[in-house]
Amino acid sequence: MKVKTLVGMEVHLQLRTKSKMFCRCAVRYGAPSNTLTCPVCLALPGALPVPNRDAMLMALSLATALGCEIAQQTKFDRKNYFYADLPKGYQISQFDRPLGTGGKLEIVTEKGVKSVRIRRLHIEEDVGKSVHGKDVSRVDINRAGTPLVEIVTEPDMNSPEEARAYLNALRTLVHYLDISDGNMQEGNLRCEPNVNIHIKTDDGIVKTPVNEIKNINSVRHVEKAIRQEVDNHVQAFRERGAAIADEPRCTLGYDDKNDRVFVMRHKEEAHDYRYFPEPDIPPIHIGAAWRSEAGDRVPELPWTKRERFAASYGLNDYDANALCRERPLAEYFEAVVKAGCAAKPAANWIVGDLGRHANVANTTVDALGIAPHRLAGLIRLVEEGTVARQTAVKQLLPRLLEADSDPAALVEELGLAQVDDVELIEREVRAAAEAHPQAIADLRAGKNKAIGAIIGFVKKQTKGKANPKIIQDVLKRILEES
Ligand code: ZN
Ligand code: MN
């Protein structure tokens, strides 16, 4: 059975502004309930909303970075519906003239780079929050009016992995633009994937209904929920055949404890939100001055940086991608290289060894406290052969993490310098050969694995400090003697 998976994504992103979208209330998480409200965000009669300039510019910078076509004139609309967390009865959103249309976002998966097309990008306000207790539910309006950007894609993602890559790429981008925390766990990036499959049959292509999954709180769960939903569509086709194409679309939820998607409601009739232009906010003309001010906020973008790192530092895609995922890390890497060491080993140290330390400490590499010139110094010591790499990883790095010490001085102090004394090393290699005659015989027979016994012996005798290149040279000579 030939199955094509189609996933589109709708993301609501909270902008990191000081105040709300249409009033002066602070945007702050964790304040006592209903303390961050005013007549505007409560929609009391006579109160007038005024768009937040900073939020407009943040959204414009995102639209610019995504390559959207930016509307000459944009406007706000009321989206009418009643819900407990929306006591004012409508949400100010954008309907037929969104801020941006078109555009694309590049994603990186194990299979390479591809583009996901953006359908539209608009601004709206967040709603309040229902807080459910044991016997009673309460409503907290603090969050109502927080600026959101809604970004809708075309169904261009063809696997759960691509959906995850899209969310990661979007988070990276909003971090680069410094407009949002983009954190799913904290709810400032919320996403609703829509999923269906196309099945090729003898009578043509059967398209399953496009179902939307809500309330997923981590990127990992997005991937699992989509995988689950795709399986459900395949299963439904096996059971009911082409008839599933006419079944109603569903809104689904995801139960992460049981890794299961479940039906919340059927979308038999389209919701009628009775959109109409927000009468209290005149249409907004987006002229050259706004465009260039938004453009000034766009730094070198992750995909451009990635390409530059690969081209000018000779890094592979994996390293370039890993280094460019966050801007401070990319800047740290460049500072280390600038402080005087080769780029490739710098990438290896930062992505590999330091990355592991950062993971354990639950922080980022640039925040570990090793100033760029100290890391560059350490890398130079290894590259010049003054100290063995393993010694540097196991003994020097922990000391550099502990205190603001100089790597060269530490090598002196701890006596970690690599032993380059050929005579001494030759003595140890010959001793090793005598102790392990079978290993020597195996090596002569071309069984290269046997080298471990010899190197292990010499390293033990020299406390790991013998220059591995010299060990190899001496051993080669011994093997050639008959
Ligand atoms: Zn307010
Ligand atoms: Mn929305």
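Observations
- Mean Kyte hydropathy of 1.6 or more with a Cα span along the axis of at least 27 Å, helices from DSSP in the chain: none
- A simple spin-label model places the labels of K476 and T35 7.3 nm from each other, with each point 7 Å out along Cα-to-Cβ.
- Once the Cα gyration tensor of the chain is diagonalised, semi-axes √(5λ) in Å: 56, 30, 20
- Think of it as helices only: each DSSP H run of n ≥ 4 in the chain is worth -39500 (n - 2.57), and spread over all residues that comes to -11000 deg cm²/dmol at 222 nm.
- With every protein chain in place and a 1.4 angstrom probe, the accessible-area ranking of M1, M21, largest first, reads M1, M21.
- Estimated FRET transfer efficiency (V50, A84; beta-carbon r; R0 25 Å; 0.05): 0.40
- Once C-alpha pairs closer than 8 Å and six or more residues apart are averaged by separation and normalised to the residue number of the chain, the relative contact order reads 14 percent.
- A Förster distance of 30 Å, applied to the separation of the beta-carbon atoms of D280 and N217, puts the FRET efficiency at 0.30.
- With DNA, RNA and ligands ignored, accessible area of E300 (1.4 Å probe; Å², nearest 10): 60
- Spin-label pair L401/D317, simplified geometry with 7 Å Cα→Cβ offset, distance in nm: 3.1
- Rounded Å value of the spacing that divides the Cα centres of region 248-287 and region 159-219: 15
- Estimated FRET transfer efficiency (E247, E434; beta-carbon r; R0 45 Å; 0.05): 0.05
- Between region 399-457 and region 340-384, the alpha-carbon center distance in angstrom: 24
- By accessible area with a 1.4 Å probe, ligands and nucleic acids excluded, highest first: order of E278, E186, E434: E434, E186, E278
- One chain, two ends: K4 and V113. Fully extended at 0.36 nm per residue, the span grows by 37.3 nm beyond their Cα-Cα distance.
- If both residues of a DSSP beta bridge must be in the chain, then about 95% of such bridges are antiparallel.
- Highest mean first, the peptides 459-465, 324-330 sorted by other C-beta atoms within 10 Å per residue fall in the order 324-330, 459-465.
- Residues of region 269-296 with amide N under 16 Å of the 7 Å Cα→Cβ point at R240: 269
- Percent accessible area from carbon and sulfur atoms, region 423-482, protein chains only, probe 1.4 Å: 52
- Accessible surface of region 1-128 [probe 1.4 Å, protein heavy atoms]: carbon and sulfur percent: 53
- Put a dot 7 Å past the Cα of H12, heading toward its Cβ, do the same for R297, and the two dots end up 2.1 nm apart.
- Under the criterion of Cα pairs below 8 Å and six or more residues apart, the relative contact order for region 422-480 equals 42 percent.
- Whole-percent carbon and sulfur share, accessible surface of region 200-300, 1.4 Å: 48
- Solvent exposure of the chain, expressed per residue, is 51 Å² of accessible area, with all protein chains present and a 1.4 angstrom probe.
- These residues, Y166, Y29, Y318, go from largest to smallest accessible area, 1.4 Å probe, as Y29, Y318, Y166.
- Full-extension gain in nm, V393 to T201, via 0.36 nm per residue minus C-alpha separation: 63.4 nm
The values are calculated or read from the model by the stated rules, or taken from the named source; none is laboratory data. This structure is a prediction, so every number in the text was calculated from the model and none was measured. Cβ coordinates were reconstructed from backbone atoms using ideal geometry, including for glycine residues, and neighbour counts include every protein chain displayed. For the accessible areas, the whole protein counts, side chains as well, though only heavy atoms, and no ligand, DNA or RNA atoms are used. Shrake-Rupley method; radii C 1.70, N 1.55, O 1.52, S 1.80 Å.
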